[in-house]
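These notes concern the structure reproduced below.
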Amino acid sequence: MKKLTKSQSQRIHAKKRATQRYGIELNKEKHKDLVSRIQNNKDVIFLEKQSNRISVFAILQGSIWVPVVYDRERKTIVSFLPIKSIDENGYAEIIDKATAAKDEKIPYVKTAKYLPGAILKFYGMVKKEIAYHK
């Protein structure tokens, strides 16, 4: 049996977390698109640097900001963080400042009051998933 590379392992992990936490089907094309958006700073907000190669970004997915971990060296998304990490790690303030600077009113999932009606069902699924994984 052939051993997986670090990049392959990271992509497999990210795919599992994207599906588990957000219902996002992360195929090769979608992964490539998200990496490109991070590299070109398009619809993303830098949240924090965790090491020389690992950073956390918020990526706009539909009408919500989704926190992801990105490996700059391998050019891969490592994981999709839980929604609750936005509040727990102080990312909400960074997202608010970045969107205010661009004069945007794009919500991150903090509470249902920030969400348009179409997203409430999605938020309910995410909320159940968070409760399940606590």
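The values are calculated or read from the model by the stated rules, or taken from the named source; none is laboratory data. Keep in mind that this is a model prediction, so the values were computed, not measured. Here the Cβ positions follow ideal geometry from the backbone for every residue, glycine too, while neighbour counts run over all protein chains shown.
Within segment 7-52, the set of residues being among the acidic types (Asp, Glu), within 23 Å of Ala98 (Cα to Cα) and without any contact (Cβ under 8 Å) to a residue 40 or more places away in the chain comprises Asp33, Asp43. The conditions of being more than 12 Å from the chain's Cα centre (by Cα) and part of a strand (DSSP E or B) are not met by Glu29. For first residues located in segment 73-87 and within 16 Å of Glu29 (Cα to Cα), partners that are crowded, with 18+ Cβ neighbours inside 10 Å and of a type in the set (Ser, Thr, Tyr) and lie 6+ apart or on another chain with Cβ distances below 6 Å form the pairs Ile77/Tyr70. Suppose we keep only residues that are more than 24 Å from Ser9 (Cβ to Cβ) and in contact with a strand residue (DSSP E or B) (Cβ under 8 Å, 6 or more places away or on another chain) within segment 57-80. Which one would you say is surrounded by the fewest Cβ atoms within 10 Å (Cβ to Cβ)? Per the stated criteria, the residue is Leu60.
Conditions tested, residue by residue: (1) modelled with pLDDT of 95 or more; (2) out of contact with any Pro (no Cβ under 6 Å at 6 or more places or on another chain); (3) among the polar types (S, T, N, Q).
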site: Met1; (1), (2), (3): no, yes, no
site: Ile12; (1), (2), (3): yes, yes, no
site: Lys16; (1), (2), (3): yes, yes, no
site: Thr19; (1), (2), (3): no, yes, yes
site: His31; (1), (2), (3): yes, yes, no
site: Leu34; (1), (2), (3): yes, yes, no
site: Asp43; (1), (2), (3): no, yes, no
site: Leu47; (1), (2), (3): yes, yes, no
site: Arg53; (1), (2), (3): yes, yes, no
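Annotation for segment 81-94: at least one member residue is surrounded by fewer than 19 Cβ atoms within 10 Å (Cβ to Cβ), modelled with pLDDT under 95 and over 21 Å from Arg21 (Cβ atoms).
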